[in-house]
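Worksheet: the structure to be examined is printed underneath.
Since every read-out is calculated from the coordinates, none of them should be taken as a lab result. All of these numbers come straight from a predicted model, not from anything done at the bench. Cβ coordinates were reconstructed from backbone atoms using ideal geometry, including for glycine residues, and neighbour counts include every protein chain displayed.
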Amino acid sequence: MKTSTLFLSTCGMVATVLLQTTVASAQASDEAQIRALEDSFAAGIRAKDLDAIMNVYVPDQTLFVFDVVPPRQYVGAEAYRKDWEEFLSDIDGPVNFEIADLAVVVEGNLGYSHSIQHVSGKNKKGEVLDMTVRVTDAYRKIDGHWLVTMEHVSVPVNLDTGEPDLHSRP
């Protein structure tokens with residue numbers, strides 16, 4: 001009796017360790033996939049490739065985005081695609097884009113991240129664009145692929161002047 005109890009107890013401990021290892025491995029893999037998704041997003045912006053940019057988002061009406069530019073709220077991939085299209089068409093020459101301080105959390109088929117994103121370049125009027133924003137993304141794993149389902153882009157605001165702080169760095 002003592003041998004079978006010891007055996008069952010040992011099997012239970014081994015199963016628990018294996019399960020924890022499997023879950024940790026899956027979470028690490030999912031986090032790596034989300035980081036790769038964000039890398040492809042950044043590359044898409046630098047290449048001014050609208051399709052590459054939009055490939056990180058759910059391609060339907062479930063996408064919801066709060067942005068820093070009017071109308072500030074976009075519902076659906078088609079609406080947000082138009083926002084990106086306008087942004088890219090106004091850029092003359094190369095776009096510099098960086099993602100910093102990316103933190104990713106994954107639990108099952110849901111995840112979120114937050115980061116600091118910096119974009120710079122020149123518009124068609126020759127004006128310099130230089131902006132740093134804070135971004136929070138919510139992801140869902142759909143058919144084995146992570147996609148952004150909700151995005152919130154913001155900038156700090158000077159409460160005394162009401163002016164946005166587009167150059168704030170952490």
- Nonlocal amide H pairs with G76, under 5 Å, H built at 1.01 Å: L63, F64, V65
- Karplus 3J(HN,Hα) series, Hz, for segment 91-98 with 6.51 cos²θ - 1.76 cosθ + 1.60 (x for Gly, Pro): 8, 10, x, x, 10, 9, 8, 9
- With a Förster distance of 22 angstrom and the Cβ-Cβ distance between N96 and D165, calculated FRET efficiency to the nearest 0.05 equals 0.70
- Message: Per residue of segment 112-126, what does 6.51 cos²θ - 1.76 cosθ + 1.60 with θ = phi - 60° give for ³J(HN,Hα)? Whole Hz please, x for Gly and Pro, Karplus curve as stated.
- Response: 8, 9, 9, 7, 10, 10, 10, 10, 8, x, 10, 8, 5, 7, x
- Message: Which lysines, if any, have their Cα less than 30 Å from the Cα of K48, not counting same-chain residues under 8 positions apart?
- Response: K82, K122, K124, K125, K141
- Message: Amide H of Y57 versus every other amide H placed in the peptide plane: which residues, excluding those fewer than 5 positions away on the same chain, fall under 5 Å?
- Response: V148
- Quote the relative contact order of segment 26-98 in percent (integer), defining contacts as alpha-carbon pairs under 8 Å separated by 6+ residues. 28 percent
- Message: Counting only other residues whose beta carbon sits under 13 Å from that of Q27, what net charge do I get with K and R as +1, D and E as -1?
- Response: -1
- Query: Give or take rounding to whole Å, what are the principal axis extents of the alpha carbon atoms in segment 75-125, in descending order?
  - Reply: 45, 27, 12
- Message: Under the rule of at least 5 residues apart or a separate chain, name every residue whose amide H is placed under 5 Å from the amide H of K122.
- Response: D92, L129
